[in-house]
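Structure first, then comments.
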Amino acid sequence: MDKITSFTIDHLKLLPGVYVSRKDRVGDQVITTFDIRMTRPNYVMNTAEVHTIEHLAATWLRNNDEWKDRVLYFGPMGCRTGFYLLLAGDLTSEEIVPLMKGLFTFMRDYKDEVPGACAKDCGNYLDMNLPMANWLADRFLREVLDGIGPERLVYPE
């Protein structure tokens, strides 16, 4: 079998950042998949904070007045180093930096009940860690999104 594109990225050189992972055509529409890489490869986040970030981000993105009609999916990478965001449109990483700053600011500052964190709404609602999700969002804002440059917007060669 051929390697899929995401397995051809040199993970030893990959920094936390916002990357275009792939672009697919569905009919006449382009779907852009973004790699929201929050940690260096092999420095994984625990499932509780990943799960909390998933709930917060999916809820915020699908309620964002500007972007909600373009949001197809937000969910964790199996390796627990980040998330995939699928948006309708032929987009670049630079174009979604303001969206990511808004999202991660929201997650950094969020202190209420996690949306969907109850037995009726979620199949694993007890596996949540809001304080750690807040901390990770703050770190991503400070270390990655604030002053982000090309080395964190384009996959390494």
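The values are calculated or read from the model by the stated rules, or taken from the named source; none is laboratory data. Predicted, not measured: the structure shown is a model, and the values here were computed from it. SASA here: full protein model, heavy atoms, side chains in, ligands and nucleic acids out. Shrake-Rupley method; radii C 1.70, N 1.55, O 1.52, S 1.80 Å.
Before moving on, here are some points about what is shown:
- Convex hull per residue volume in Å³, alpha carbons only, for segment 105-157: 113
- Histogram of C-alpha separations across segment 1-149, 5 Å bin width, %: 2, 9, 19, 22, 21, 15, 8, 3, 0, 0
- Mean-square fluctuations from a GNM of the chain, with a 10 angstrom spring cutoff on Cα atoms, peak among Val26, Val44, Val18 at Val26.
- Surface per residue (accessible, 1.4 Å probe) for the chain, Å²: 55
- Quarter the surface of the alpha carbon convex hull of segment 1-83 and you get the mean projected area, 6.7 square nanometres.
- Area accessible to solvent at Trp60, 1.4 Å probe radius, in Å²: 60
- Viscosity 1.002 mPa s, temperature 20 °C, Stokes-Einstein D of segment 67-120 from Kirkwood C-alpha radius, µm²/s: 162
- Percent carbon-and-sulfur accessible area, segment 3-157, ignoring ligands, DNA and RNA, probe 1.4 Å: 51
- Net lengthening on full extension, Arg40/Arg80 (0.36 nm per residue, minus Cα-Cα): 13.4 nm
- Net length gained if the chain between Cys118 and Thr92 were fully extended (0.36 nm per residue, minus Cα distance): 5.8 nm
- Where Ile53, Ile9 fall by accessible area, highest first, once all protein chains stay in place (1.4 Å): Ile9, Ile53
- Lysine pair count for the chain with Cα-Cα distance under 23 Å and sequence separation of 8 or more or different chains is 9.
- Segment 63-95 and segment 9-54: distance between their alpha carbon centers, rounded to Å: 9
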